[in-house]
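Structure first, commentary second.
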């Protein structure tokens, strides 16, 4: 990951609603969620949700797939992990680090 990609990803997550949407999608895992399910889960109007999903799509943090008449949004876990790796690349001055993946995370 390069600096510009990292900045774009962090900028996308800098809005509280986008962060909530992304966290909901990460919680849903690879199966993803429809905008209707996200809207109901987060109690946010569809138009507001659409705006924030677009920001996350452009940043590469989520993907969109059409399934018949429905859109499915999924977290791009590889992109998220690349961002985390980029942020921690120089952690602990190059020494072994005590950072451990979150409990229960199967993609970390």
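Just so it is clear, none of the values below were taken in a lab; they were calculated from the coordinates. If you're wondering where the values come from, they're calculated on a predicted model, not measured in any experiment. Ideal geometry is used to build each Cβ from the backbone, glycine not excepted, and the neighbour counts take in all protein chains shown.
Cα axis of helix 46-59 to longest principal axis of the chain: angle in degrees, 0 to 90, nearest 10?
40 degrees
Once every DSSP H run of n ≥ 4 in the chain is given -39500 (n - 2.57) and the sum is divided by its residues, what mean residue ellipticity at 222 nm do you get, rounded to the nearest 500 deg cm²/dmol?
Helix contribution divided over all residues of the chain: -16500 deg cm²/dmol.
In a Gaussian network model over the chain where Cα atoms closer than 10 Å are linked, find which of 77, 42, 61 has the largest mean-square fluctuation.
42
Counting other beta carbons within 10 Å of each residue's own, what order do 18, 66 fall into, fewest first? Could the numbers behind the result be given before it?
Values: 18 21, 66 8.
So the residues, fewest neighbours to most, are 66, 18.
Rounded, prolate or oblate: pick one for the chain, where a ≥ b ≥ c are the square roots of the eigenvalues of its C-alpha gyration tensor, a/c under 1.5 means rounded, and failing that, prolate if a/b is larger than b/c, else oblate.
On the way: a/c = 2.27, a/b = 1.83, b/c = 1.24.
Because a/c hits 1.5 or more and a/b exceeds b/c, the chain counts as prolate.
I need the calculated FRET efficiency for the pair residue 5 and residue 64, taking r as the beta carbon distance and R₀ as 25 Å, to the nearest 0.05.
It comes to 0.85.
By how many degrees, between 0 and 90 and to the nearest 10, does the Cα long axis of helix 3-13 differ from the longest principal axis of the chain?
The angle comes out at about 50 degrees.
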